[in-house]
Amino acid sequence: MDNNEFRTQAHRLVDWMADYWENVEKYPVMSPVSPGEIKKQLPQEPPHEGISFDKTFADFEKIIMPGVTHWQHPSFFAYFPSNATPPSILGEMLASALAVQGMIWQTSPSAAELEEIVMKWLARMIGLPDGFEGVIQDTASTAGLVSLLTAREKKSDFQINRHGFSGNEKFIVYSSAETHSSIEKDVKIAGFGSDNLRKIEVDDNFAMIPEKLAEAIQEDLNNGLTPLAVIATLGTTGSTAIDPLKEIGEICRRHDIWLHVDAAFGGTALILPEFRYMIDGIDKVDTFVFNPHKWLGVNFDCTAYFVRDKGALIRTFEIMPEYLKTGQDAVVNNYRDWGIQLGRRFRALKLWFVLSSYGISGLQKIIRRHIEIGQWLKNQVDAAHDFELLAPVPFNLVCFRYHPDGIKDENRLDNLNARLVDAVNATGKIFLTHTKLKGRYTVRLVAGQYRVEKRHVETAWDLIRETASKLTV
């Protein structure tokens, strides 16, 4: 493809993308294809000779598009949102064209220094105090691993990196029973072993109980084990529960335990002053993460990771082969040493475009709208005699179930609500997912897609009630 054809095809694709956003509501939200259906339509061997872009794009529309679940559909109410706003896509396009490999300052000074600035912006926007420094990671899962590895090295005086585990460390990590599953994976990868992850009991609001944490820590100390780190969550995946950060932080300080805060979804709400109560106790936190690629309008992937002890982070991950040494190393940030990856994409560009395009007030307006819509749905569920809320609604995620009069058997209710979710999703009009809270099958609806309006959730609620009424109970 020469430059002239690239120009032609690029214009064509931009028009296609704009048309897609305008018409996204015409697609079924969740792809209706069966397993293997896409693979059967694709060649099993790569082409020996090149194929025209026109042919490839025609196959994209014919084969690939039917297998796409439309995360940018305003009736996508599943999981958590993964938004892609126009400024973010434009930033991503430029980043792809520049194809920067931003492993060190010298490989692209703008990539390094823009990242430093936009992370300072974000820290101020969400109310982090001075002393935190930020870096962009790919996901909160990676950030959790980075935090645990830094905690491990700091506790061992950086000897595990040098000599490996001696077998005598006996490190223990603590999280609530509602903490994201990625933490257990991180615990495994970091070498601690899943048996050494303590899942602390939660209260009726699904938040970690500090007294139970203190008891677990003391028991481990009594048994000669070493409490290493606690993961607190602001907005759990199941129900967006908010762990009591101040009380947890005081326990960590008392025992010299590393404290990581996972605010992957809920952290975006901190741009609203009325939600700053969530970080009461932030002065006792070592690392903090949230995902602009969920609720802040930056397309995947873009995770904001903040650390109080930059020196410990860098010492954990730094490498210094001769071919990466430069004359500027002492006065710049070489972000290759701030995480796992050596190679780094120019993610700061799309983040900058979003923050500049919307501004703080524009982003606050969007987030408040989502929360207002979520609260409206909460009130509808609360008022319905045959539905019930199963968790508090601090943000825009509503957890509920269909509960007709006279049904008390929990297994029947679980089965009924699973059938409800399947039936609603089969319509193609909306997409819901579920979780289990206190062992009960729970329907989740999160209104966080950037194009969502109240009318979309009103339609969803009507569809849910209508579908439920037709189910055989």
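Every number here is computed from the coordinates shown, using simple stated rules; none is lab data. From a predicted model like this one, the values you see are computed outputs, not experimental measurements. All Cβ positions, glycine included, derive from the backbone under ideal geometry; neighbour counts span all protein chains shown.
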Point to revise | Residues that are outside any helix (DSSP H, G or I) and without any contact (Cβ under 8 Å) to a residue 60 or more places away in the chain, drawn from the stretch 151-170 | key: 156, 157, 164, 165, 166, 167, 168, 169, 170
Review point. If a residue has to be assigned to a helix (DSSP H, G or I) and either of a type in the set (Ser, Thr, Tyr) or touching a Ser or Thr at 6+ places or on another chain (Cβ under 7 Å) (or both) to count, how many in the stretch 79-99 make the cut?
Key: 3
**Study point:** Count - residues of the stretch 12-66 that are among the polar types (S, T, N, Q) and in contact with a helix residue (DSSP H, G or I) (Cβ under 7 Å, 6 or more places away or on another chain)
**Key:** 2
Review point. Which one of the conditions (1) hydrophobic (A, V, I, L, M, F, W, C); (2) within 23 Å of residue 345 (Cβ to Cβ); (3) part of a helix (DSSP H, G or I); (4) touching a residue at least 24 places away in the same chain (Cβ under 8 Å) does residue 24 fail to meet, given that it meets all the rest?
Key: (2)
Exercise for review: Give me a count of the residues in the stretch 349-380 that are in contact with a strand residue (DSSP E or B) (Cβ under 8 Å, 6 or more places away or on another chain) and free of Cβ contacts under 8 Å to residues at least 40 places away in the same chain.
Suggested key: 1
**Study point:** Those residues of the stretch 157-180 which are touching a helix residue (DSSP H, G or I) at 6+ places or on another chain (Cβ under 9 Å) and not β-branched (Val, Ile, Thr), in sequence order
**Key:** 158, 159, 161, 166, 169, 170, 171, 174, 175, 176, 180
Review point. Residue check, residue 259 against (1) surrounded by fewer than 22 Cβ atoms within 10 Å (Cβ to Cβ); (2) touching a Gly at 6+ places or on another chain (Cβ under 9 Å); (3) on the phi < 0 side of the Ramachandran plot; (4) not basic (Lys, Arg), all met but one. Which one?
Key: (1)
Exercise for review: Note down all Cβ pairs under 6 Å where the first residue falls in the stretch 415-433 and is farther than 15 Å from residue 79 by Cα, the second is crowded, with 20+ Cβ neighbours inside 10 Å and among the charged types (D, E, K, R), and they're at least six residues apart or on different chains.
Suggested key: 417/401
**Study point:** residue 330 out of contact with any helix residue (DSSP H, G or I) (no Cβ under 8 Å at 6 or more places or on another chain) and among the aliphatic types (A, V, I, L, M)
**Key:** yes
Review point. Taking the stretch 349-374 on its own, how many of its residues are in contact with a helix residue (DSSP H, G or I) (Cβ under 7 Å, 6 or more places away or on another chain), under 18 Å from residue 86 (Cβ atoms) and of a type in the set (A, V, I, L, M, F, W, C)?
Key: 8
Point to revise | Selection count where residues are surrounded by fewer than 14 Cβ atoms within 10 Å (Cβ to Cβ) and assigned to a helix (DSSP H, G or I), scope the stretch 27-55 | key: 5
